[in-house]
Amino acid sequence: MRKFIKYANPAISHWEIERLVRMVRDEVIGGTVLEIGVHRGGSALVWKRFLFPHCLVGIDYDGSADAPNGMHLITGRSQDPDIIESALAAVDDRIDFLFIDGGHREDEVASDWSTFFPAVRRGGVIALHDIHAPETDEVQVALLWDKIRYAYKTAEIWDPSSTGIGVVFK
């Protein structure tokens, strides 16, 4: 796994993403994956290789994302009603694994959470990237994480040299 993660080179701590995959694989293998914030496509390659999704959907805001083959890429902001409608249709209103790493302002992350959380099946998993990133005007994921981390069964994956992943088990 480590060798492939190095090859895919996701814009996430390699240590963190490996731990995440090992933590959630049994719960979501072969299911539907929705990734918000595809960027270079490295994490999407990891989901494809190790979670074996029957449906892999990504949302990225500017059209420059490098989506792997087989990923249904939707271009636009994940808060846009048309994009939401397209994404929910693509996943048939049922998500097994939701990875939120798009807009990082509190309102953006909260919107992604409240919009897509209802579509995550019972027993599914939601992961939020950058829960320990230093707070700025543009990075506020920790504010949402602090609100939800005690309301659900959760775990944190955090390499102190990186920004952390919060995991919610629905």
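The values are calculated or read from the model by the stated rules, or taken from the named source; none is laboratory data. Everything numeric here is computed off the predicted structure, so don't read it as measured data. Counting neighbours? That spans all protein chains shown, and the Cβs are built from the backbone with ideal geometry, glycine included. Areas reflect the complete protein model, heavy atoms only, side chains present, ligands, DNA and RNA absent. Shrake-Rupley method; radii C 1.70, N 1.55, O 1.52, S 1.80 Å.
If you check D146, D112 for being surrounded by 22 or more Cβ atoms within 10 Å (Cβ to Cβ) and under 24 Å from R19 (Cα atoms), only one passes: D112. Selection of segment 130-143 for residues being of a type in the set (G, A, S) and crowded, with 21+ Cβ neighbours inside 10 Å yields only A142.
Within segment 23-41, does at least one residue satisfy the condition of being on the phi > 0 side of the Ramachandran plot and either hydrophobic (A, V, I, L, M, F, W, C) or open to solvent by 50 Å² or more (accessible area, probe 1.4 Å) (or both)? Yes: one or more hits. For A127, the criteria (1) among the hydrophobic types (A, V, I, L, M, F, W, C); (2) without any contact (Cβ under 8 Å) to a residue 40 or more places away in the chain; (3) open to solvent by less than 10 Å² (accessible area, probe 1.4 Å) hold in every case but one, which is (2). Of all residues in segment 71-91, at least one satisfies being in a helix (DSSP H, G or I) and in contact with a His (Cβ under 7 Å, 6 or more places away or on another chain). Among the residues of segment 47-62, are any assigned to a loop (DSSP other than H, G, I, E, B), in contact with a His (Cβ under 9 Å, 6 or more places away or on another chain) and surrounded by 15 or more Cβ atoms within 10 Å (Cβ to Cβ)? No, that holds for no residue. Could you tell me whether any residue of segment 150-165 is aromatic (F, W, Y), in contact with a strand residue (DSSP E or B) (Cβ under 7 Å, 6 or more places away or on another chain) and within 18 Å of V24 (Cα to Cα)? Yes: one or more hits.
Just one of the listed residues (D112, D107) is under 22 Å from P10 (Cα atoms) and assigned to a helix (DSSP H, G or I), and it is D112.
Each residue in segment 152-169 was checked for being assigned to a loop (DSSP other than H, G, I, E, B) and either on the phi > 0 side of the Ramachandran plot or open to solvent by 70 Å² or more (accessible area, probe 1.4 Å) (or both), and 5 of them qualify.
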